[in-house]
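Bear in mind these aren't lab numbers, they're just calculated from the coordinates by the rules spelled out. Quantities reported herein were computed from a predicted structural model and do not represent experimental measurements. Neighbour counts are summed over all protein chains in view; Cβ atoms, including those assigned to glycine, are modelled from backbone coordinates with ideal geometry.
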Ligand SMILES: [Zn+2]
C-alpha cells in the first residue's frame, strides 16, 4: 500500500531523470485525457518530490504533474527503450533512462505546486513547530489520531504509522487535542518521523498494534482494540491498557 515512504522511494527512483529534457508519451488511452504527453513533451524535468501522498514532478515553465498512486499505481525506472508488456499511463524518456507510470490512477497537470499541505513528516529536518501549530489551529476537541491523518496538519502519514507512532508514545488515538500537551505532540511526531524514515531506509518493523486486533499488547498484554475513526472512518488500532 503506497504510504508516504513508498512515495519517497518512487521519488528517489526517478532522480536520474531530473535535469533532462524528456520525451513524453501516454500509451494507455485512460491517460490521454488532458493531453498530458503533448504538454510535457520536450520540457526539462526540474524536480521529483514526494509531498504528502502525492508525487510532484515539476517541469520548466511552472508545470507540475501530480501523481497520486492510491493502492494500485507505481513508477518504475528502466533503461531507455527497454521492452515492456502492457500499456503504461505515462512514459518520460530521458537520454539513458525512462520513467514509466503504471495504473495511474491520478495524473493531473497543474500550473504550480500544490499548496495547503502540511509540512512533510519525511523531510530531512521535519518542521515540528509548524505541525504542532497546525494541530492547535483546528478544533481542540478533535481526537489526536484523527488529526494526525489530516494532510493539512502533517503530510505523508498513513494509517499504519499513525497506529504505530501513537503506540510508541503511549497516546490513545481518542485523546482530544485539548488534553494533549505540546511536548506529547512533538514526541508523537518524532516517533512517526523516525519509524517512517527507518522504513524508507529498509529496516524491518514488526507491527505492535496495526492489524493486531485481539492480540496481546507487546508492552502490557491487554488485547489490542480497533474502531473506525474520523470522517473517512479509517480503522484505528490501539492498546486500551497502556495508551492513555
Ligand atoms: Zn498495552
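What single numbered condition from (1) touching a residue at least 24 places away in the same chain (Cβ under 8 Å); (2) out of contact with any helix residue (DSSP H, G or I) (no Cβ under 8 Å at 6 or more places or on another chain); (3) outside any loop (DSSP other than H, G, I, E, B); (4) surrounded by fewer than 21 Cβ atoms within 10 Å (Cβ to Cβ) fails to hold for residue 109?
(2)
Determine which member of the set 227, 175 is surrounded by fewer than 20 Cβ atoms within 10 Å (Cβ to Cβ), touching a strand residue (DSSP E or B) at 6+ places or on another chain (Cβ under 9 Å) and free of Cβ contacts under 8 Å to residues at least 12 places away in the same chain.
Of the residues listed, the single one that is surrounded by fewer than 20 Cβ atoms within 10 Å (Cβ to Cβ), touching a strand residue (DSSP E or B) at 6+ places or on another chain (Cβ under 9 Å) and free of Cβ contacts under 8 Å to residues at least 12 places away in the same chain is 227.
Can you name the number of the only condition in (1) part of a loop (DSSP other than H, G, I, E, B); (2) within 12 Å of the ligand (Cβ to nearest atom); (3) within 30 Å of residue 9 (Cα to Cα) that residue 173 fails?
It is condition (2) that residue 173 fails.
Among the residues that make up the range 145-160, is at least one of them part of a loop (DSSP other than H, G, I, E, B), on the phi > 0 side of the Ramachandran plot and surrounded by fewer than 18 Cβ atoms within 10 Å (Cβ to Cβ)?
So far as the range 145-160 goes, no, none of its residues is part of a loop (DSSP other than H, G, I, E, B), on the phi > 0 side of the Ramachandran plot and surrounded by fewer than 18 Cβ atoms within 10 Å (Cβ to Cβ).
Considering each residue of the range 217-228, count those that are closer than 22 Å to residue 151 by Cβ and either under 19 Å from the mean Cα position of the chain (by Cα) or within 7 Å of the ligand (Cβ to nearest atom) (or both), and give that number.
Qualifying residue count, the range 217-228: 0.
Given the criteria farther than 19 Å from residue 27 by Cα, in contact (Cβ under 8 Å) with a residue 60 or more places away in the chain and surrounded by 21 or more Cβ atoms within 10 Å (Cβ to Cβ), does residue 50 qualify?
Considered against the rule, which asks whether it is farther than 19 Å from residue 27 by Cα, in contact (Cβ under 8 Å) with a residue 60 or more places away in the chain and surrounded by 21 or more Cβ atoms within 10 Å (Cβ to Cβ), residue 50 comes out as yes.
Residue check, residue 191 against (1) surrounded by fewer than 21 Cβ atoms within 10 Å (Cβ to Cβ); (2) within 16 Å of the ligand (Cβ to nearest atom); (3) within 19 Å of the chain's Cα centre (by Cα); (4) not in a helix (DSSP H, G or I), all met but one. Which one?
That leaves (4) as the condition not met.
Go through the range 230-239 and count every residue that is surrounded by 13 or more Cβ atoms within 10 Å (Cβ to Cβ), away from the ligand (no atom under 13 Å from the Cβ) and part of a loop (DSSP other than H, G, I, E, B).
So the count comes out to 1.
Within the group 202, 141, which residue is over 24 Å from residue 55 (Cα atoms) and more than 15 Å from the chain's Cα centre (by Cα)?
141
Can you find, within the range 194-224, the residue that is farthest from residue 244 (Cα to Cα) among those that are part of a helix (DSSP H, G or I) and touching a residue at least 40 places away in the same chain (Cβ under 8 Å)?
Checking each candidate, the answer is 200.
Would you call residue 165 away from the ligand (no atom under 16 Å from the Cβ), closer than 24 Å to residue 69 by Cα and either in a helix (DSSP H, G or I) or touching a strand residue (DSSP E or B) at 6+ places or on another chain (Cβ under 7 Å) (or both)?
No; evaluated as a whole, the condition is false for this residue.
Exactly one of (1) assigned to a helix (DSSP H, G or I); (2) within 16 Å of the ligand (Cβ to nearest atom); (3) over 24 Å from the mean Cα position of the chain (by Cα) is unmet by residue 183. Its number?
(2)
Among what's in the range 197-214 and is loosely packed, with under 13 Cβ neighbours inside 10 Å and within 16 Å of the ligand (Cβ to nearest atom), pick the residue that is farthest from residue 164 (Cα to Cα).
So the residue we want is 214.
Among the candidates 132, 100, 64, single out the residue that is crowded, with 18+ Cβ neighbours inside 10 Å, over 17 Å from residue 157 (Cβ atoms) and touching a residue at least 40 places away in the same chain (Cβ under 8 Å).
Unique residue meeting the criteria: 64.
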